[in-house]
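Below is one structure, written out as structure tokens; the observations come after it.
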Amino acid sequence: MLAIRLQRVGRKGYPVYRVAVQEAQRHPSSGRVVAYVGTYNPHTKESTIQNETAQKYLDNGAQPTPRVVKLLKDSGVKLPNWVVEADAKKQKSIKHQEKLRRNQTPEPVEAVEEVAVEEVVAEAPAEVAAEEVAVEEPAVEAAAEEIAEAAEETPAAEVEAPASEPETKE
């Protein structure tokens with residue numbers, strides 16, 4: 001059985017394809033090609049198809065891939081009924097379309113932000129926040145004074161030097 005498929009050629013990172021007719025069991029790059037019926041450049045969307053040759057192989061039962069079917073339609077090749085029917089069957093139906101983001105109505109962002117700000121203001125009034133700050137500052141100052149007084153009372157001899165590496169003689 002013959003297949004009409006794309007065979008990649010071109011340099012690395014810039015593919016260009018040949019439309020090749022070959023045995024369906026062979027790999028597209030195997031080199032065993034019955035005929036080349038055109039080319040396709042995906043970057044410029046340019047395709048050249050030999051319509052008569054492609055029509056001959058389609059009439060003899062060659063099966064085109066879905067991308068080749070699209071290219072043949074665009075170039076004006078008359079496709080057999082079985083190719084058109086097989087192409088129509090492969091159309092996917094999307095399950096649960098209502099769950100897609102594009103089908104959901106977006107929530108207004110401004111309303112959400114306003115509600116969040118109002119909740120925060122309602123939970124923590126400015127008076128309570130000011131009292132907490134006023135309570136914390138004297139406590140910190142008192143603790144700092146106690147530490148300073150304790151440092152003045154201890155004699156210098158009792159204060160230990162921080163641990164350091166022992167000196168080595170050379």
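The values are calculated or read from the model by the stated rules, or taken from the named source; none is laboratory data. As the structure is a prediction and not an experimental result, all values here were calculated from the model. Note: ideal-geometry Cβ built from the backbone for every residue, glycine included; neighbour counts use all protein chains shown.
Given segment 1-110, what helices (runs of 4 or more DSSP H) lie entirely inside it while holding 1 or more residues that are under 36 Å from the mean Cα position of the chain (by Cα)?
Here the list reads 66-75, 81-89.
Residues of segment 37-75 being more than 30 Å from K12 (Cβ to Cβ) and acidic (D, E), which ones?
Scanning segment 37-75 gives E52, D59.
Is at least one residue of segment 63-70 of a type in the set (S, T, N, Q) and modelled with pLDDT of 90 or more?
Scanning segment 63-70, I find at least one residue that is of a type in the set (S, T, N, Q) and modelled with pLDDT of 90 or more, so the answer is yes.
Under 6 Å by Cβ, and 6 or more places apart or on different chains, what pairs join a residue from segment 13-31 that is surrounded by 14 or more Cβ atoms within 10 Å (Cβ to Cβ) with one that is hydroxyl-bearing (S, T, Y) and not in a loop (DSSP other than H, G, I, E, B)?
As it stands, the answer is Y17/Y40; R18/Y36; R18/T39; A20/Y36; V21/Y57, since those pairs meet every condition given.
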